[in-house]
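S.K.: Encoded as structure tokens, here's the structure I'll be asking about.
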Amino acid sequence: MKKKWISILLVVVMATAFFTGCSGSSEPKGDSEKGALDYSTIKIGEITSLVVNDGGWCQATHQSLLAAMKELGIPESNLVVIENVAEDQTSVANAYNALASEGVNLIIGASAGYATFLSDLAASNPDIVVAQQGDQVPNLIGYQIRNYEGMFLAGYASALMAESDKLGFAGSMSEASVRAAINGYALGAKFANPEAKVQLVWANSWYDVDLETQSAKTLINQGIKFMGMEASSPAIPQTCQANNAYCIGYNVDMHDLAPNAVLFSYMWNFAPIFKDILTATVDGTADSSKYYYEGGDCAQLSPFNDAIVPADIQEKVLSVKAALDRGEIQVFGGELKDNEGNILVADGEVMSDEDIKVQKFLVENVIGSWK
Amino acid sequence: MKIGAIRFEKKQTVSLSRKVLNPVIFILLGFVLSSVFIMANGFQPIPVFGKMITYSLLNTRGLIGSINAALPLMFCGLSVAIAFKMNLNNIGAEGQFAMGAIFGGAFALYGPALPAPLSGIVMFFLCAIGGGLWALIAAALKAYWNVNETIVTLMLNYIALLFLDYLCYGPWMAPKQTTAMTVTIPQDMYLPLIGGTSSGIFLAIIIAVLLYLFLKYTTGGYQISVIKNSLRTAEYAGIPVKKYILIVLALSGALAGVAGFVQVTGIVHRVQAQLPGGSGYTGIVIAYLSQCNPLVILLVSVLLGALQNSSAVVQIMGVPSQIVTMIQGTLMISVIAGEFFNRYRIVYYKADPESKRAEQKNNHSEQKGGAVQ
């Protein structure tokens with residue numbers, strides 16, 4: 001009999017604890033309704049052209065997105081990724097429709113080639129916010145990073161380190177943002193050493209280990225010791241390491257690929273942009289005419305390789321970065337000439353963002369052609 | 001002493017029930033085989049397959065996507081099939097697709113502005129002519145100099161695709177664009193969408209039915225089957241084989257060119273470097289699986305479109321994209337292998353005089369059914 005009462009008592013106690021526990025846990029929810037936004041229910045879709053651990057572009061995008069989500073307290077499980085989506089209408093439409101039927105609120109198209117297709121698809125479904133890397137197109141929030149700012153620092157550091165006036169640059173495909181990277185590097189080098197020249201070689205491929213190895217070897221065979229890169233495979237850092245040359249890594253921190261060759265890396269950091277887009281999606285203010293063209297923290301540098309880069313050079317690079325961030329240095333400021341002798345920007349003027357984005361030139365101290 | 005061996009014998013007849021049952025069995029086998037990859041990665045196979053099927057075939061949005069993805073496959077399948085009907089291997093549907101898009105695109109983007117239905121019709125024929133002329137190069141080489149059409153059509157693919165690349169990266173590239181594509185074609189040339197599905201599907205059905213009737217009930221269709229079964233008989237019977245090679249390959253190319261038409265006017269609305277996207281090669285698989293029956297090609301194309309379309313939705317479940325590709329590949333291999341067993345039977349025999357005789361007999365019958373080569 002006693003046992004029975006004890007068990008009933010226990011049940012009552014447990015039930016009370018259960019209900020109070022419930023009401024206790026619902027309190028923070030009430031708070032979020034009052035003030036801060038509730039990020040826990042947003043669903044995000046990401047479409048990438050390769051896999052998210054490709055060691056390059058897709059990885060940079062994916063890590064940025066995860067970082068932004070973490071900062072806002074969005075669980076990782078709210079993100080669905082569709083990888084290996086080719087830049088053709090059928091593939092993009094399949095990915096978009098699958099995400100739409102999954103009920104995502106935001107889709108991030110992480111490759112510039114998706115723009116026109118996503119633009120058409122987004123028009124038919126205005127409930128889903130779509131953010132697209134690359135140019136500004138209708139119906140999509142566009143985002144792009146001023147990579148030339150990071151590349152300016154890369155060129156600046158290379159020129160400070162190099163004993164000779166001649167630097168190298170290994171480019172992928174002649175496309176406006178790649179040309180911006182090359183020009184940024186060359187102008188940074190010139191900022192450190194007015195005599196600096198940058199020898200350019202093209203791989204004519206977005207990702208090719210053999211061609212990129214050839215690019216690095218061609219530069220090294222000309223006696224070049226320091227080079228910048230706008231290429232995605234590990235080939236260039238590794239070729240540099242094998243031949244006692246040095247480079248600035250690209251896309252992600254490439255230090256571990258070639259610890260004796262990489263001075264530091266230029267890294268795409270989309271996190272601040274994604275954070276803003278995520279917030280706008282949740283609070284309902286997302287506007288498809290918005291366009292982000294960001295420098296500063298977005299054109300991020302990895303930690304310096306202390307074994308190679310002396311402390312005084314590290315300081316100089318950081319102070320130039322601070323000046324860039326404050327707007328005291330304009331990378332595409334006048335007077336600016338191309339390497340065919342034309343004046344691009346008159347003294348005292350600055351090139352417009354529109355012209356920077358579609359640039360079809362190489363600056364004066366680049367040896368090579370963009371065509 | 002020889003213990004015995006396995007050999008494959010061509011079946012003379014296959015019952016209809018077997019024809020239908022066989023792919024079902026091998027699709028199931030494909031599911032079982034790919035379950036291994038799925039389970040090895042810590043996922044449950046049944047929900048994965050369930051999601052693939054329900055999304056790509058039973059969900060409205062998914063089914064529309066599958067049909068739209070199947071459209072170019074249908075025309076490429078028909079293209080390859082009509083050539084196979086005469087033992088001609090047209091590996092070049094991919095390039096003919098591209099040339100069709102180039103001819104049609106040139107008209108749509110730079111040609112004279114015509115009133116609405118007329119412009120679409122002109123574009124249709126130009127796409128067909130583009131693909132047809134491209135195939136005619138291989139056809140002429142085959143008919144007059146007996147150059148292997150498999151090699152020529154394959155090589156012509158590279159030329160056509162690189163030419164398309166050149167145009168889309170070069171003179172045709174839309175201004176202020178970073179991707180290789182043209183501006184959109186005039187809006188009145190768009191093929192209308194019916195509930196999200198491209199109306200190109202009706203064109204595919206009409207052409208498939210016409211082709212079916214042509215092959216089954218006309219003298220031309222009959223003569224093609226005579227050429228397929230025995231080139232020598234056809235020559236003795238006075239069938240103009242050369243003419244047929246030219247006509248059939250040109251028709252084959254024209255059908256692939258029409259794939260360019262439906263893709264440009266119905267789906268993409270511009271000419272793009274990656275426009276064919278491998279459809280021409282998938283067309284070979286479709287023609288093989290459908291045994292060149294134009295009506296079956298429509299169905300098989302939708303199934304393959306659904307397979308392509310299901311990739312994204314499986315990734316949403318968390319299955320890595322590589323595993324999805326493996327599932328797709330396993331299903332394809334299994335179905336293709338199944339089709340092989342539909343046509344051949346395995347015979348286990350001991351190396352004795354009797355089987356030797358059977359072997360000789362079989363060799364003889366194989367020679368009889370010689371190809372155009």
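The values are calculated or read from the model by the stated rules, or taken from the named source; none is laboratory data. Remember, predicted model here, so these are calculated numbers, not experimental data. Virtual Cβ from ideal backbone geometry, glycine too; neighbours counted across all protein chains shown. Surface accessibility is based on the protein's heavy atoms, side chains included, excluding ligands, DNA and RNA. Shrake-Rupley method; radii C 1.70, N 1.55, O 1.52, S 1.80 Å.
S.K.: Please sort B:140-151, A:187-198, B:304-315, A:110-121 by packing, taking for each peptide the average over its residues of neighbouring beta carbons within 10 angstrom, highest first.
M.R.: B:304-315, A:110-121, A:187-198, B:140-151
S.K.: Tell me which GluC sites (Glu not before Pro) from segment A:42-146 have a DSSP coil assignment and no more than 13 other beta carbons within 10 Å of their own.
M.R.: none
S.K.: Can I ask one more? Indicate the helices, whole DSSP H runs only, in chain B that combine a mean Kyte-Doolittle hydropathy of -1.0 or more with a Cα extent along their long axis of 27 angstrom or more.
M.R.: Long hydrophobic helices here: B:16-40, B:60-84, B:116-145, B:149-169, B:241-262, B:294-316, B:321-343.
S.K.: For segment B:1-125, just say rounded, prolate or oblate: build the C-alpha gyration tensor, square-root its eigenvalues into a ≥ b ≥ c, call rounded for a/c under 1.5, and beyond that prolate if a/b exceeds b/c, oblate if not.
M.R.: oblate
S.K.: Which helices count as membrane-span-like in chain A under these terms: full DSSP H, at least 27 Å along the axis by C-alpha, Kyte-Doolittle mean of 1.6 or more?
M.R.: Membrane-span-like by this criterion, though nothing is claimed about a membrane: none.
S.K.: Still on this structure, I have one more. Just how much of B:THR325 is accessible, in Å², when a 1.4 Å probe is used and the result is rounded to the nearest 10?
M.R.: 80
S.K.: Given a cut-off of 20 Å, what percent of all Cα-Cα pairs of segment A:44-139 lie beyond it?
M.R.: The share of Cα pairs beyond 20 Å in segment A:44-139 comes to 31 percent.
S.K.: Let me ask something else about it. Quick one: length gained pulling A:TYR291 to A:LEU37 fully straight, 0.36 nm per residue minus the C-alpha distance?
M.R.: 89.1 nm
S.K.: Could you list the square roots of 5 times each eigenvalue of the Cα gyration tensor of chain A, that is, the equivalent ellipsoid semi-axes, sorted largest first and rounded to whole Å?
M.R.: With the √(5λ) rule applied to chain A, the semi-axes are 46, 24, 20 Å.
S.K.: Sticking with this one: Write out the trypsin sites (Lys or Arg not before Pro) in segment B:260-359 meeting two conditions: DSSP loop, and at most 15 other Cβ atoms within 10 Å of their Cβ.
M.R.: B:LYS350
S.K.: On a 1.4 Å probe surface of the protein chains, which of A:ASP347, A:ASP165 comes out largest in accessible area, and what is the full order?
M.R.: Sorted by accessible area, descending: A:ASP347, A:ASP165.
S.K.: Right, next: For B:CYS292, what charge total do you get from the other residues with a beta carbon under 15 Å from its beta carbon, if Lys and Arg give +1 and Asp and Glu give -1?
M.R.: +4
S.K.: Before rounding to the nearest 500, sum -39500 (n - 2.57) across all DSSP H runs of length at least 4 in chain B and divide by the residue total; then give [θ] at 222 nm in deg cm²/dmol.
M.R.: It lands at -23500 deg cm²/dmol.
S.K.: I want to make sure I understand the PRE zone here: with the label point 7 angstrom from the Cα of A:SER124 toward its beta carbon, which residues in segment A:49-89 have backbone N atoms less than 13 Å away?
M.R.: Hits in segment A:49-89 for A:SER124 at 13 Å: A:89.
S.K.: Is the shape of segment B:51-114 best called rounded, prolate or oblate, per the rule: a/c under 1.5 gives rounded, else a/b larger than b/c gives prolate, else oblate, with a ≥ b ≥ c the square roots of the Cα gyration tensor eigenvalues?
M.R.: oblate
S.K.: While we're looking at this one, here's another question. Leaving out same-chain residues fewer than 8 places away, which aspartates and glutamates sit with a Cα under 14 Å from that of B:LYS228?
M.R.: The qualifying aspartates and glutamates are B:GLU366.
S.K.: Chain B: percent of C-alpha pairs farther apart than 41 Å?
M.R.: Beyond 41 Å sits 19 percent of the P(r) for chain B.
S.K.: Can you give the calculated 222 nm mean residue ellipticity of chain A, where each DSSP H run of n ≥ 4 adds -39,500 (n - 2.57) and the sum is split over every residue, rounded to the nearest 500 deg cm²/dmol?
M.R.: -14000 deg cm²/dmol
S.K.: Please compute the average number of Cβ atoms from other chains found within 10 Å of each residue's Cβ in peptide A:94-106.
M.R.: 5
S.K.: Using alpha carbons only, how many angstrom separate the centre of segment B:164-242 from the centre of segment B:71-134?
M.R.: Cα centroid to Cα centroid, the span is 5 Å.
S.K.: Still on this structure, I have one more. Counting Lys and Arg as +1 and Asp and Glu as -1, each charge on the Cβ, what is the dipole of segment B:66-314 about the Cα centre in debye, to the nearest 20?
M.R.: I would put it at about 380 debye.
S.K.: Follow-up question, since we're still on this one. Where the centroid of each part is defined by its Cα atoms, how far is segment A:140-209 from segment A:75-91 in Å?
M.R.: 30
S.K.: Inside 10 Å of the C-beta atoms of B:262-274, what's the mean count of C-beta atoms belonging to other chains?
M.R.: Taking all residues of B:262-274 together, the mean is 3.
S.K.: Right, another one. When you look at the Cβ of every residue in B:319-331, what mean number of other chain Cβ atoms sits within 10 Å?
M.R.: Taking all residues of B:319-331 together, the mean is 2.
S.K.: Separate question: How charged is the neighbourhood of A:PRO272? Take every other residue with its Cβ under 11 Å from the Cβ of A:PRO272, and add Lys/Arg as +1 and Asp/Glu as -1.
M.R.: For residues surrounding A:PRO272, the net value is -3.
S.K.: Still on this structure: Within 10 Å, count the other beta carbons around each residue, average over each peptide in B:43-53, A:139-149, A:52-62, and list them highest first.
M.R.: A:139-149, A:52-62, B:43-53
S.K.: Binning every alpha carbon pair distance of the protein assembly as shown at 20 Å from zero, what are the percents per bin?
M.R.: Values per bin, smallest distances first: 15, 39, 31, 13, 2, 0.
S.K.: Quickly rank B:153-159, A:38-44 as a protection proxy: mean count of other C-beta atoms within 10 Å, highest first.
M.R.: Taking the mean over residues of other Cβ atoms within 10 Å, the ranking is B:153-159, A:38-44.
S.K.: How high is the FRET efficiency from B:ILE159 to B:LYS19, r the C-beta distance, R0 41 Å, rounded to 0.05?
M.R.: Efficiency, rounded to the nearest 0.05: 0.60.
S.K.: A further question on this structure: Let me check I've understood the local charge: for A:CYS58, count other residues with C-beta under 12 angstrom from its C-beta, Lys and Arg +1, Asp and Glu -1. What total comes out?
M.R.: -3
S.K.: While we're on this one: Which pairs break 31 Å Cα to Cα here: B:LYS19/B:LYS142; A:LYS166/A:LYS316; A:LYS166/B:LYS176; A:LYS217/B:LYS176; A:LYS70/A:LYS321; A:LYS275/A:LYS321?
M.R.: Violating the 31 Å limit, Cα to Cα: B:LYS19/B:LYS142; A:LYS166/B:LYS176; A:LYS217/B:LYS176.
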